[in-house]
1. Residues that are at pLDDT 95 or above and in contact with a Lys or Arg (Cβ under 7 Å, 6 or more places away or on another chain), at least 2 per element: which strands (runs of 3 or more DSSP E) completely within the stretch B:71-114 meet that?
2. Here is a list of conditions, (1) closer than 21 Å to B:Thr102 by Cβ; (2) within 14 Å of the chain's Cα centre (by Cα), and B:Ser51 meets all of them except one; can you say which number that is?
3. Could you grab me the full set of residues in the stretch B:40-52 that are more than 11 Å from every other protein chain (Cβ to nearest Cβ) and of a type outside the set (D, E, K, R)?
4. Which residue is farthest from B:Gly40 (Cα to Cα), if the candidates are limited to the stretch B:74-98 and must be facing another protein chain (nearest Cβ under 9 Å) and in contact with a strand residue (DSSP E or B) (Cβ under 7 Å, 6 or more places away or on another chain)?
5. Got at least one residue in the stretch A:76-87 being within 11 Å of chain B (Cβ to nearest Cβ) and under 28 Å from B:Gln54 (Cβ atoms)?
6. Within the stretch B:29-60, how many residues turn out to be touching a Gly at 6+ places or on another chain (Cβ under 6 Å) and assigned to a loop (DSSP other than H, G, I, E, B)?
7. A:Lys101: assigned to a loop (DSSP other than H, G, I, E, B), surrounded by fewer than 21 Cβ atoms within 10 Å (Cβ to Cβ), basic (Lys, Arg) and within 13 Å of chain B (Cβ to nearest Cβ), yes or no?
8. Any residue in the stretch A:61-73 that is surrounded by 13 or more Cβ atoms within 10 Å (Cβ to Cβ), under 10 Å from the mean Cα position of the chain (by Cα) and under 20 Å from B:Gly96 (Cβ atoms)?
Amino acid sequence: DAKTTQPTSMDCAEGRAANLPCNHSTISGNEYVYWYRQIHSQGPQYIIHGLKNNETNEMASLIITEDRKSSTLILPHATLRDTAVYYCIAGSRAGGTSYGKLTFGQGTILTVHP
Amino acid sequence: KAGVTQTPRYLIKTRGQQVTLSCSPISGHRSVSWYQQTPGQGLQFLFEYFSETQRNKGNFPGRFSGRQFSNSRSEMNVSTLELGDSALYLCASSLGTNSGNTIYFGEGSWLTVV
């Protein structure tokens, strides 16, 4: 699985958009980009994932650059409950042997302030 | 629909003992993966099962084993427990038929080895 690089921590004001960057310059063409978040003592919560196109769901938007070497997770209106560790993962290679295997890095600690 | 269910949520074991953790995947999901999370190593992939067969394996010693039943429920076992096995053990499930399938995590089982 491709290695991902994320900032260690970020801050965001409540009500503002939170933009979390992720670098995955070694991603291969058939590896997906996944985003999860984890609040202390809980299991990781799925946010969104994509392969090439930008994706949006009720929680967030995922913007993947055209060369797929980086992506940005956007939480449009951050709330205090969005304070968590956010993980960007590149993996689960299409057609390969990586089913169910997500390689987690250290993630970004996002703190949303009132 | 019900999410991924793990039991027990908390347990304490003594060094040298063994432990069995249980996971019930989301209905219809046939892939079950297991992860270990510790403060020092973060989230690490243990193994993945699909249709009762181990399809993928991480870099853990043979003391860590698992199995999957015909109803897709899974168990993992750790024998000869060591203090370093104290961790949050997470189970995740997905359809398992496509590498782009969404992977959902349970709340985990907290294991303390004393």
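The values are calculated or read from the model by the stated rules, or taken from the named source; none is laboratory data. Here the structure is a predicted model, which means the values were calculated and not measured. So basically every Cβ, Gly included, is an ideal-geometry build from the backbone, and we count neighbours across all protein chains shown.
1. Answer list for the stretch B:71-114: B:74-78, B:109-113.
2. Looking at each condition in turn, B:Ser51 falls short on (2).
3. The first filter runs over the stretch B:40-52 and keeps only residues more than 11 Å from every other protein chain (Cβ to nearest Cβ), leaving B:40, B:51-52.
Scanning the stretch B:40-52 gives B:Gly40, B:Ser51.
4. This residue is B:Gly96.
5. If we filter the stretch A:76-87 for residues that are within 11 Å of chain B (Cβ to nearest Cβ), which is where we start, we get A:85, A:87.
Now drop any that are not under 28 Å from B:Gln54 (Cβ atoms), which leaves A:87.
Checked the stretch A:76-87: at least one residue is within 11 Å of chain B (Cβ to nearest Cβ) and under 28 Å from B:Gln54 (Cβ atoms).
6. 1
7. No.
8. No.
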